[in-house]
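See structure below.
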2 protein chains.
Amino acid sequence: MNQSLSINSIIEASKRIKDYAHRTPILTSGSINKIAGCSIHFKCENLQKVGAFKFRGAFNAVASLKKEELERGVATHSSGNHAAALALAAQMHGVKAYIIMPHTAPAIKKKAVEGYGAEIVFSEPTLESRQDTLNKVVEETGAHFVPPFNDTRVIAGQATAALELIEETEKLNFIIAPVGGGGLLSGTSLSAKFFGNDIKVIGAEPKGADDAFRSIRDNKIYPSVNPQTICDGLLTSLGDITFEVIKENVNEIITVSEETIIEAMRMIWERMKIIVEPSSAVVLAAILENKEKFKNRNIGVILSGGNVDLEKLPWNK
Amino acid sequence: MNQSLSINSIIEASKRIKDYAHRTPILTSGSINKIAGCSIHFKCENLQKVGAFKFRGAFNAVASLKKEELERGVATHSSGNHAAALALAAQMHGVKAYIIMPHTAPAIKKKAVEGYGAEIVFSEPTLESRQDTLNKVVEETGAHFVPPFNDTRVIAGQATAALELIEETEKLNFIIAPVGGGGLLSGTSLSAKFFGNDIKVIGAEPKGADDAFRSIRDNKIYPSVNPQTICDGLLTSLGDITFEVIKENVNEIITVSEETIIEAMRMIWERMKIIVEPSSAVVLAAILENKEKFKNRNIGVILSGGNVDLEKLPWNK
């Protein structure tokens, strides 16, 4: 495993973010426990700054830079939560963030990133144009590239969510995290290994975007081709670093149906009164579709984010 | 002031609910602070059991009963959060709850109360029929009536939310709570007096249901006649006990427009990723309409509940 993903890298990340990230609450719901037949501890990263765990990794990466690197700013390509997270982390460090976004990105996403003072650089909506544009920005400005997930500093930052979850709960039998690019799941599995006591770690993924499930099963990284899911945060494929960490430390990847994802999302909204995005709900969906497996166990789950369009809820069609 | 509303009654209530109610988180939002120009600590009673602070008062009242009183069950008239709260509190004590509800109440409210194992007794949708039906139930069953707000045990229970808020925050200059029947505001003002250090307490009320504002101004209880507001938890008038407590301990009642209530509600959903009902949003609306008054101050607000119909959001018309 990558040398820089040590127990110390997570402890250092935890210290770096301590005064800047929210220590998010861990909530429980008696009525969901009754429905699920087990005891669930929800680590609420939807209540994290920028509404997603992504702030932890982005902030840790920025805070890890040397002063002379920092001064030239940071850059990434993303139109999602990582973009907002990096923009805010840069703003808090008083440096510039360049965010490469396809010109087709929704206005609401552009506005969020601009709200944190970042400069948006538009590309064509292709992988190639995105990469070319990023390269050009990095070359011209000297900005430091902070990848969305395939990066040891980012993974160490995401690991702090599970660290806090383990610190604040009694012996967990399982931790479940969603898997898209694998940054959160990698970090979660490392914290379970370093700080937990025999905790099984499970990744949850939509059936319609099951590239991580297949990649681990067949021991090779499949690209995520034409994924069909409401979970807009879980569309990407694994990176080489996250693939290795997950292969080594994650016990299982469970895939779930769209129907159960929406049911789980609505259950969390209605019973817990918190807003989660579909990508978050996969963790509860994994329990609801496998009740026997989790029966009477103590389970930690990571609710990854809460960024949804309030005018387009999946049950208001 | 009523003898039984002592500092001890609140400390006792706090001990009674400790292992049964959620100790709800206190959240902050950098972006809302920036908009509001002050530092706001949100005590999230929307994340309380049954989705509202009402559980504290109902549980404290039930837990205060002697064994022989308890055995005959409890009763109340309500189709809102107090009904669900009393039903759950009774269920947790293994006793019966009789809930008097107009037969015109929405199916969703009936279902919630039945879900907690309570027996619904229907009345006509008039105050008189409601009271007659309650009297009849109490006479026939020997059940103990637990009023929704005008009751010292209920008020002492509601006071525990502000007690926790004060315990966990640095010196607050203000605490703002919504006012309907006045149970939450009364309890909040008592906790501020007993446990706070010179905290000003403010009630927030919709302009379209400003009976508490007028009652305190004119020193007499006005009934709430034909209130016009989206805040379905703030339609009732004060009781004689809550009126006296508020008169003595609350510094001011601020009324706010429906427009700002909806703006504040949406701001909390979007920026904090938590679900609050309109009645909760009045506290932020009071700040947004009075920014000069609260400028740079440290403010605690109580988000009273999160029970909304997810298919009828005020911005999806």
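Annotation: B:I246 fulfils all but one of (1) buried (at least 18 other Cβ atoms within 10 Å of the Cβ); (2) within 14 Å of chain A (Cβ to nearest Cβ); (3) assigned to a helix (DSSP H, G or I); the unmet one is (2).
With the structure loaded, tell me whether B:F59 is crowded, with 20+ Cβ neighbours inside 10 Å, outside any strand (DSSP E or B) and free of Cβ contacts under 8 Å to residues at least 40 places away in the same chain or whether it fails that test. Before you say what the answer is, go through the steps one by one.
Numbers: crowded, with 20+ Cβ neighbours inside 10 Å: yes; outside any strand (DSSP E or B): yes; free of Cβ contacts under 8 Å to residues at least 40 places away in the same chain: no.
Criteria not met by B:F59.
Can we say B:V225 is of a type outside the set (G, A, S), free of Cβ contacts under 8 Å to residues at least 60 places away in the same chain and part of a strand (DSSP E or B)? Criteria not met by B:V225. If we keep just the residues of segment B:280-313 that are loosely packed, with under 15 Cβ neighbours inside 10 Å and either touching a residue at least 40 places away in the same chain (Cβ under 8 Å) or within 30 Å of B:S79 (Cβ to Cβ) (or both), which is farthest from the other protein chains (Cβ to nearest Cβ)? Going through the qualifying residues, I end up with B:K295. Considering only residues in segment A:11-28 that are within 17 Å of the chain's Cα centre (by Cα) and among the polar types (S, T, N, Q), the one that is surrounded by the fewest Cβ atoms within 10 Å (Cβ to Cβ) turns out to be A:S14. Could you say whether any residue in segment B:196-210 is in a helix (DSSP H, G or I), under 24 Å from B:P227 (Cβ atoms) and charged (D, E, K, R)? Yes.
Give the residue that is nearest to the other protein chains (Cβ to nearest Cβ), with candidates limited to residues of segment A:102-118 that are at pLDDT 90 or above and assigned to a helix (DSSP H, G or I). In this case the residue turns out to be A:G115. Mind checking which residues of segment A:17-33 are farther than 30 Å from A:A87 by Cβ and either more than 10 Å from chain B (Cβ to nearest Cβ) or in contact (Cβ under 8 Å) with a residue 60 or more places away in the chain (or both)? Result: A:S29, A:S31, A:I32, A:N33. Every condition in (1) crowded, with 20+ Cβ neighbours inside 10 Å; (2) modelled with pLDDT of 95 or more is met by A:Q91 except one, and the failing one is (1).
Listed here are the residues, each with its yes/no results for (1) closer than 15 Å to A:V245 by Cβ; (2) outside the structural domain of A:G233 (by TED's automatic domain parsing); (3) touching an Asp or Glu at 6+ places or on another chain (Cβ under 9 Å); (4) in a strand (DSSP E or B).
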site	(1), (2), (3), (4)
A:I120	no, yes, yes, yes
A:P125	no, yes, no, no
A:T133	no, yes, yes, no
A:A159	yes, no, no, no
A:E164	no, no, no, no
A:S186	yes, no, yes, no
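When segment A:105-161 is filtered for residues that are of a type in the set (A, V, I, L, M, F, W, C), loosely packed, with under 14 Cβ neighbours inside 10 Å and closer than 21 Å to A:L88 by Cβ, the ones remaining, listed by number, are A:A107, A:I108. You will find that of B:I241, B:I253, B:I261, B:I221, the residue that is of a type in the set (A, V, I, L, M, F, W, C) and surrounded by 24 or more Cβ atoms within 10 Å (Cβ to Cβ) is B:I261 and no other.
Scanning for something surrounded by 21 or more Cβ atoms within 10 Å (Cβ to Cβ), out of contact with any helix residue (DSSP H, G or I) (no Cβ under 9 Å at 6 or more places or on another chain) and assigned by TED's automatic domain parsing to the domain that holds B:H22, does segment B:201-209 turn up at least one residue? Checked against the condition, which is being surrounded by 21 or more Cβ atoms within 10 Å (Cβ to Cβ), out of contact with any helix residue (DSSP H, G or I) (no Cβ under 9 Å at 6 or more places or on another chain) and assigned by TED's automatic domain parsing to the domain that holds B:H22, segment B:201-209 yields at least one hit.
The values are calculated or read from the model by the stated rules, or taken from the named source; none is laboratory data. From a predicted model like this one, the values you see are computed outputs, not experimental measurements. Neighbour counts are summed over all protein chains in view; Cβ atoms, including those assigned to glycine, are modelled from backbone coordinates with ideal geometry.
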